[in-house]
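A short worksheet on the structure shown next.
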Amino acid sequence: MNQEQEQLFDEYLNGCGGDLPTEKNFVKLFCGEANEISLKKRMRKDWDALSKANIKKDLSPILHKIHYIINLEHEKKLLPKGGIKKVLFWYSKIAAILLLPIIGLMIGWLLIGYSDHLQPSVVEVVVPLGARIKTQLPDGTTAWLNSGSTLSYTIPFKQRKVTLEGEGFFNVRKDSIHPFVVKGKQGAVRVLGTRFNIDMWPDEEVMEVVLEEGKVEFIPYGSQQAFLMTPGEMLVYNSFEKKLTRRNVNPQHYSAWKEGILMLRGENMHQMARELSR
């Protein structure tokens, strides 16, 4: 990179690159294949400098944010060919370069017992409209999040509790001692190890849980009663009417969105418009 490109890179590292012309120049910088070697050297130089600094900070949220960036899956059919794809390609390369030094720093702190003094911090995964995200939680659980959804949890992740606003599919790692809990406006779902889809938006009264494998319990908000579900079952709860219904369904029809497939199952026009907007 020349001196002007170095200055542009510094502006973005310091959060000073917000105007449109600068944004375009920054995109061009990442699109040029000729800059690959110099970009790698620059990123390595910055992270080497960071690793030598005496930083008293928990980098777990940063690591999980990088996982989030790496696993961000924009639907390929919606992406235009050319420049934007190159930008995503370069960002994935940069994320991979950054990942190894961070892991090294974290392992070092763990070895000296720094983890005993970590302060709780919140990790939030926000899915842009028109995108889907596959991410792995600290306990090994895999989560797929649909367009417009938000998932948040606390680090350290000892209690295995997450808050969901939107729609997600979870493949929960089994732990009989520490149940996995998904909380939302309408209630909570408690599991030990299972695969299930859950649809619980904060601006709606109705939520849905579809169980694919294992067992889960649904606990309505403000209630102590737990409703046990079995595979192939769908539970629908209306928090305004306090009404719960069950029926048998094909679970794959309700998790097809993970593959970019929109399944319409007799919804009214309002429901169809809501699904399409997301």
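In sequence order, what are the phi-derived ³J(HN,Hα) couplings for the stretch 201-213 according to the Karplus relation 6.51 cos²θ - 1.76 cosθ + 1.60 with θ = phi - 60°, rounded to whole Hz, with x for glycine and proline?
Per residue, the Karplus-derived 3J(HN,Hα) values read 8, x, 9, 10, 8, 9, 10, 10, 10, 10, 9, 9, 7 Hz.
In the P(r) worked out for the stretch 121-277, what percent of Cα pairs fall beyond 22 Å? Spell out each step's value before the answer.
Numbers: 4512 of 12246 pairs.
Result: 37 percent of Cα pairs exceed 22 Å.
Can you tell me the order of 206-218, 240-252, 128-140, 167-179 when each peptide is scored by its average per-residue count of other Cβ atoms within 10 angstrom, highest first?
Values: 206-218: 20.6, 240-252: 12.3, 128-140: 16.0, 167-179: 17.6.
Peptide ranking by packing, descending: 206-218, 167-179, 128-140, 240-252.
Determine the relative contact order of the stretch 121-277: mean sequence separation of Cα pairs under 8 Å and six or more apart, normalised by residue count, in whole percent. Spell out each step's value before the answer.
Numbers: 358 pairs, mean separation 21.9, N = 157.
So the answer I get is 14 percent.
Any read-out appearing in this document is the output of simple, stated calculations on the displayed coordinates, not a laboratory observation. The shown structure was predicted, so the numbers you read here are calculated from the model rather than taken from an experiment. Every residue, glycine among them, receives a Cβ derived from its backbone with ideal geometry; neighbour counts consider all protein chains shown.
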